[in-house]
Amino acid sequence: MDKIRGPAGRSTVEGMKPEPEHPLAAPAPGLTHPWPEPPEGGTSILVAPGIRWIRMPLPFQLNHINLWLLDDEAGVTVVDTGIGLPPTRDLWEKLFTGELAGRPLVRVLVTHFHPDHIGNADWLAQRFGVELWCPQAEWLMAHLAWQGMGGNDSEKRLNHYRRHGVPPEQAEAFRGLGNNYRKLVPSVAPSFRAVREGDVVPIGGRRWHAFTVMGHAPEHACLFSPEANVLISGDQVLPKITTNVSVWPDQPNGNPLKLYLDSLGRFRPLPEETLVLPSHGLPFIGLHKRLDYLQHHHDERLSETIDALAEPRTAHELVPVLFRRQLDTHQMGFAIGETVAHLHFLEARGQAARLVDGLGVHRFRKA
C-alpha cells in the first residue's frame, strides 16, 4: 500500500473513500482529525504503534462502523466486529488473506451488545478458537435480544410505542421489522470472559484500562492506554453525531439520559491530547471540547423540550421538536426512545409531570 505521512507524523493511505456525511452529523468545533479519510474496505490504517483502524459497512443511514486491531502476543486482538452479514464477512476474509495473513486473532473484545459491535464476535471466536471478552451485562443482553426477549419482544415494543402516542397504524409498522437482531447477529457466543470496571487488560505489552459507562448500553466498555495515550470510546463519545440514548420497553421507566450525562464525567480525567478512536466518524483529538459540546447539546434539547410542554403532549407529538426531518420506521423507533429519555430526565428533575389517560397513553406537561 502506498502511504503518505499524516499530521503528527502518523500515516494515512492514498485512495481512501471520503468520510460519508450522516444526516444527523453536526459540526465538530475544535476537533483535530489526523486522518481526514477512512481506510478502504479490507485494508487498515496505522493510527499509533501497534494499533490499526479498519472500517466495515452498515446497511443503515449510519453506514459504517470502525473496528480496531491491536498487536498482541502471537497475533492480534480485535475490538468490535461489525454486523454478521455477507458484505462484512467478505471484508474480513479479504483481511485474513491480506494484511492479517499469518497473524491470527488471539482475542475478540466487544464494547457492547449492539449488532454492529457483536455481530461477528462468535463467528470470529469460533474460527480462531479464542475467547470472547466483554462486560457481563452486554453478553446477557445479547442473548436476550437474540431470543427476542427484553426490548426486542414484539408485543412489548408495540405497547411501548402506543403508550407514548404513536398512532395504531404507525405502531403496526414496527411489527414488520421483526427481530432484526437475529438477522444481524447470527449467533451469540455461549461463553465469555468478563471485562469489568477497573480491569487492566494487557494487550501487546500495553496496559488497557477498562471502565464501563451507561446510558447507551447497560455496561458499555471503554479502553484507555496511558502508554499510547489512546482511548477506544466505542459509541459513548462520537465526533460528529450524538450517541443514541433511548428508553426501551424492557425498562419503560428508566432514566438513561441521566446515566449517559453522568458518564461523560468519567472521561474528564483523561488528557485533552488523547487520541480518541470512536466507533463512528473519524479518529480525533480534542476530547474535552467534545465533552463540552455533548453536554451543551443535551442542555439545549432539554430546554426545547420544556418549552414545548406548555400543554400536555405525548412523546410522539414531541418528536418533530427534537428531530426536524422526515423519519422512516426504523429511525422513528430510535426517535421515540430518545424523546422519552429527555422527558424522563425532566420528570426526574421535577421539571415535567406525567399524565396517563384512560387508554394508558402517557402525556407530559411542564411542572
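The values are calculated or read from the model by the stated rules, or taken from the named source; none is laboratory data. Source: prediction; values computed, not measured. Neighbour counts are summed over all protein chains in view; Cβ atoms, including those assigned to glycine, are modelled from backbone coordinates with ideal geometry. Quick note on the areas: whole protein, heavy atoms, side chains included, nothing else; ligands and nucleic acids left out. Shrake-Rupley method; radii C 1.70, N 1.55, O 1.52, S 1.80 Å.
Of Ala310, Ala352, which residue is aliphatic (A, V, I, L, M), under 15 Å from Asn253 (Cβ atoms) and in contact with a strand residue (DSSP E or B) (Cβ under 8 Å, 6 or more places away or on another chain)?
Just one listed residue meets the conditions, Ala352.
Cβ contacts < 6 Å: first residue at positive phi, restricted to the range 50-71; second residue part of a strand (DSSP E or B) and at pLDDT 95 or above, any location; separation 6+ or different chain. Result?
That search, which allows pairs on different chains as well, returns Gly50/Asp71.
Which residues, counting only those in the range 184-207, are open to solvent by less than 20 Å² (accessible area, probe 1.4 Å), in contact with a strand residue (DSSP E or B) (Cβ under 7 Å, 6 or more places away or on another chain) and not in a strand (DSSP E or B)?
Once the filter is applied, which keeps residues that are open to solvent by less than 20 Å² (accessible area, probe 1.4 Å), in contact with a strand residue (DSSP E or B) (Cβ under 7 Å, 6 or more places away or on another chain) and not in a strand (DSSP E or B), the range 184-207 yields Ala189, Val195.
Return the residue satisfying two criteria in turn: it lies in the range 224-264 and is out of contact with any strand residue (DSSP E or B) (no Cβ under 6 Å at 6 or more places or on another chain) and among the acidic types (Asp, Glu), and of such residues it is nearest to Leu287 (Cα to Cα).
Asp235
Return yes when Glu317 is open to solvent by 10 Å² or more (accessible area, probe 1.4 Å), over 17 Å from Gly215 (Cα atoms) and assigned to a helix (DSSP H, G or I) and no when it is not.
It is true that Glu317 is open to solvent by 10 Å² or more (accessible area, probe 1.4 Å), over 17 Å from Gly215 (Cα atoms) and assigned to a helix (DSSP H, G or I).
Output the number of residues of the range 282-297 satisfying the condition of being outside any helix (DSSP H, G or I) and open to solvent by 10 Å² or more (accessible area, probe 1.4 Å).
2
List the strands (runs of 3 or more DSSP E) that sit entirely inside the range 73-168 and contain at least 1 residues that are open to solvent by 30 Å² or more (accessible area, probe 1.4 Å), touching a residue at least 40 places away in the same chain (Cβ under 8 Å) and of a type outside the set (Lys, Arg).
132-134
State which residue pairs qualify: first residue touching a residue at least 12 places away in the same chain (Cβ under 8 Å) and inside the range 254-271, second residue small (Gly, Ala, Ser) and open to solvent by 40 Å² or more (accessible area, probe 1.4 Å) in any location, beta carbons under 8 Å apart, and separation of 6 or more residues or different chains.
Taking only residues 6 or more apart or on different chains, the pairs are Asn255/Ala348; Lys258/Ala348.
Which of the residues spanning the range 245-262 are surrounded by fewer than 21 Cβ atoms within 10 Å (Cβ to Cβ) and not in a loop (DSSP other than H, G, I, E, B)?
Lys258, Leu259, Leu261, Asp262
Which of the residues belonging to the range 34-63 are open to solvent by 40 Å² or more (accessible area, probe 1.4 Å) and either at pLDDT below 50 or touching a Pro at 6+ places or on another chain (Cβ under 7 Å) (or both)?
Selection gives Glu37, Pro57, Gln61, Asn63.
Mind listing whichever residues of the range 49-72 are under 19 Å from His112 (Cβ atoms) and part of a loop (DSSP other than H, G, I, E, B)?
Residues satisfying the conditions are Leu58, Phe60, Leu62.
Only residues that are of a type in the set (Gly, Ala, Ser), surrounded by fewer than 16 Cβ atoms within 10 Å (Cβ to Cβ) and either touching a Gly at 6+ places or on another chain (Cβ under 9 Å) or free of Cβ contacts under 8 Å to residues at least 60 places away in the same chain (or both): list them for the range 330-363, please.
Hits for the range 330-363 are Gly350, Ala353, Gly358.
Please tell me if Thr242 is open to solvent by 20 Å² or more (accessible area, probe 1.4 Å) and either more than 20 Å from Ala142 (Cβ to Cβ) or of a type in the set (Phe, Trp, Tyr) (or both).
Against the criterion (open to solvent by 20 Å² or more (accessible area, probe 1.4 Å) and either more than 20 Å from Ala142 (Cβ to Cβ) or of a type in the set (Phe, Trp, Tyr) (or both)), Thr242 qualifies.
Go through the range 267-280 and count every residue that is surrounded by fewer than 21 Cβ atoms within 10 Å (Cβ to Cβ) and under 18 Å from His297 (Cβ atoms).
Qualifying residue count, the range 267-280: 1.
Take the residues in the range 287-324 that are touching a residue at least 40 places away in the same chain (Cβ under 8 Å) and charged (D, E, K, R), then tell me which one is nearest to Pro167 (Cα to Cα).
My answer is Glu317.
Of these, Glu304, Glu311, Glu300, Glu273, which one is closer than 22 Å to Ala367 by Cα, not in a helix (DSSP H, G or I) and not aliphatic (A, V, I, L, M)?
Glu311
Which ones in the range 38-88 are within 23 Å of Thr243 (Cβ to Cβ) and among the acidic types (Asp, Glu)?
Asp80
Counting just the residues of the range 208-229 that are surrounded by fewer than 22 Cβ atoms within 10 Å (Cβ to Cβ) and farther than 23 Å from Pro271 by Cα, which one comes out nearest to the chain's Cα centre (by Cα)?
His216
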